[in-house]
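Below is one structure; the comments refer to it alone.
The values are calculated or read from the model by the stated rules, or taken from the named source; none is laboratory data. All of these numbers come straight from a predicted model, not from anything done at the bench. FYI the Cβ positions are ideal-geometry reconstructions off the backbone, even for glycines, and counts take in every protein chain you see. Side chains are part of the model used for accessible areas, which takes the heavy atoms of the whole protein and leaves out ligands, DNA and RNA. Shrake-Rupley method; radii C 1.70, N 1.55, O 1.52, S 1.80 Å.
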Amino acid sequence: MRVLLAGGAGYIGTHTAIALLEAGHEPVLLDDLSNTSDVVTDRIAEITGTRVPLITGDAADDEVVESAFDAHGPFDAIIHFAALKAVGESVAKPLEYYANNLDTTYALLRVGLARGIRSFVFSSTGTVYSDPADLPFTEEATRNLVELSNPYSKSKLMNEVALTDIQAVNPEVNVTLLRYFNPVGAHASGLVGEDPKGIPNNLMPFVARVAVGALPEIGIFGDDYDTPDGTGLRDYIHVVDLAEGHVAALEKAQPGLASYNLGTGNPVSVRGLIESFERAVGHELPKSVKPRRAGDLAATYCSPEKAERELGWKATRTIDDMTASVWNWQQKNPSGYAG
Ligand code: UD1
């Protein structure tokens with residue numbers, strides 16, 4: 001399959017491009033490089049022996065998307081990863097988040113449907129679920145737009161609603177909504193991985209920066225939650241498992257609308273993740289307990305059974321695989337793609 005990856009030079013897109021190449025598909029990247037580097041195409045070539053085309057431009061601009069189809073089409077499918085994704089920033093900049101995260105979808109669909117794509121795979125999020133009583137979240141769990149705490153998550157759910165209506169009048173097309181839980185980890189080569197700009201907001205990249213000595217200590221945001229060790233529980237998923245989930249979704253795509261949780265279903269606590277990272281590094285890391293972070297839930301994790309049943313996909317990598325791969329990437333690239 002020939003596949004256009006909007007936001008394909010980012011963290012999840014890069015790993016998905018590698019998984020697609022390994023499965024015999026032909027990915028083409030479209031990315032504005034606002035949160036990544038064109039170095040990723042060198043790294044993908046080093047890993048796979050294939051240089052993937054990269055179009056540098058805004059996926060919200062119809063002309064840019066047209067130019068991607070003109071230069072590298074026709075495409076069988078589009079995978080849409082292009083989005084602003086910082087939850088805290090989305091509260092401060094709602095206009096930017098709604099505009100970018102919805103306009104990209106509209107432009108990709110306007111052009112893609114006119115040019116005959118058969119499948120559209122959308123990067124959604126496990127934060128679309130709104131009722132903790134539904135744990136572990138299944139695809140039918142409560143989703144209530146007004147109860148979501150931030151514009152980032154709302155923009156993803158608004159996309160899901162729009163995509164559902166658009167698919168309904170294009171019944172020959174497949175639309176797959178992939179709800180990611182907490183993607184972490186890096187490719188086994190250590191050549192591609194997560195490269196957040198500035199001080200990371202998320203736990204795994206923060207711990208990695210502490211491990212290389214770039215930050216002084218890990219803050220554990222609350223140890224008085226109603227969880228086994230008092231710290232927050234999350235469903236961390238290795239980015240290579242996640243990438244393989246996209247390949248399975250594309251290969252199994254049937255006309256119609258489908259949604260899948262992509263997670264492991266095995267929640268890991270903040271302390272559990274840090275201990276795993278300490279095993280990878282071989283020594284303890286500096287850490288202290290801090291107040292809870294506003295907006296955090298005690299626990300979020302999914303049931304990934306529908307994806308296993310319908311896509312034949314299951315996450316296989318453990319938390320120790322995830323932390324070891326991040327440590328490998330971080331040591332080889334202490335300043336990310338910059339050096
Ligand atoms: C967040 C986003 C989610 C996004 C995900 C990316 C929300 C509601 N969700 O999830 O949309 O897909 O990032 O992986 O914000 N923690 C610490 N110390 C830190 C950082 C985090 O103790 O320095 C704790 C948090 O309190 C939480 C856990 O670690 O319990 C995971 O946090 P984080 O990695 O930021 O992910 P989420 O908040 O779950």
Next on the checklist: On the basis of being open to solvent by 10 Å² or more (accessible area, probe 1.4 Å) and closer than 22 Å to TYR260 by Cβ, does ARG118 make the cut?
Outcome noted: yes
Checklist entry - Looking at ILE237, ILE199, which is the one that is at pLDDT below 95 and of a type in the set (A, V, I, L, M, F, W, C)? => result ILE199
Item to check | Residues (outside any loop (DSSP other than H, G, I, E, B), without any contact (Cβ under 8 Å) to a residue 40 or more places away in the chain and more than 19 Å from the chain's Cα centre (by Cα)) located in segment 299-335 | outcome: ARG309
Checklist entry - Any residue at all in segment 137-150 that is touching a residue at least 60 places away in the same chain (Cβ under 8 Å), closer than 28 Å to TYR337 by Cβ and of a type outside the set (A, V, I, L, M)? => result yes
Item to check | Hits in segment 273-298 (condition: farther than 16 Å from ASN201 by Cα, open to solvent by less than 20 Å² (accessible area, probe 1.4 Å) and part of a helix (DSSP H, G or I)) | outcome: SER276, PHE277
Checklist entry - Can you tell me which residues in segment 246-265 are within 16 Å of the ligand (Cβ to nearest atom) and within 25 Å of SER189 (Cα to Cα)? => result HIS246, LEU262, GLY263, THR264
Checklist entry - Given the structure, is ALA83 modelled with pLDDT of 95 or more and more than 15 Å from the ligand (Cβ to nearest atom)? => result no
Checklist entry - If you check GLY116 against the conditions, is it away from the ligand (no atom under 16 Å from the Cβ), more than 28 Å from LEU203 (Cα to Cα) and not in a helix (DSSP H, G or I)? => result yes
Checklist entry - Looking at segment 12-93, what helices (runs of 4 or more DSSP H) fall wholly within it and have at least 2 residues that are open to solvent by less than 20 Å² (accessible area, probe 1.4 Å)? => result 39-48, 62-72
Checklist entry - Does ALA338 satisfy the condition of being among the aliphatic types (A, V, I, L, M) and without any contact (Cβ under 8 Å) to a residue 24 or more places away in the chain? => result no
Next on the checklist: Pairs needed: first member in segment 280-298, under 29 Å from SER153 (Cα atoms) and within 12 Å of the ligand (Cβ to nearest atom); second member anywhere, open to solvent by 80 Å² or more (accessible area, probe 1.4 Å) and of a type in the set (D, E, K, R); C-beta distance under 8 Å; at least 6 residues apart or different chains.
Outcome noted: ARG292/ASP224; ALA298/ASP226
Checklist entry - Just wondering, is there one or more residues in segment 139-147 that are closer than 23 Å to ALA243 by Cβ, touching a helix residue (DSSP H, G or I) at 6+ places or on another chain (Cβ under 7 Å) and either modelled with pLDDT of 95 or more or open to solvent by less than 10 Å² (accessible area, probe 1.4 Å) (or both)? => result yes
Checklist entry - Name the residues in segment 246-260 that are assigned to a strand (DSSP E or B) and out of contact with any Lys or Arg (no Cβ under 7 Å at 6 or more places or on another chain), would you? => result GLY256, LEU257, ALA258
Checklist entry - Does any residue in segment 202-214 that is open to solvent by less than 20 Å² (accessible area, probe 1.4 Å) and at pLDDT 95 or above come within less than 7 Å, Cβ to Cβ, of a residue that is near the ligand (Cβ under 8 Å from one of its atoms) and not in a helix (DSSP H, G or I) six or more places away or on a different chain, and which pairs are these? => result MET204/VAL184; VAL207/ILE218; VAL210/ILE218
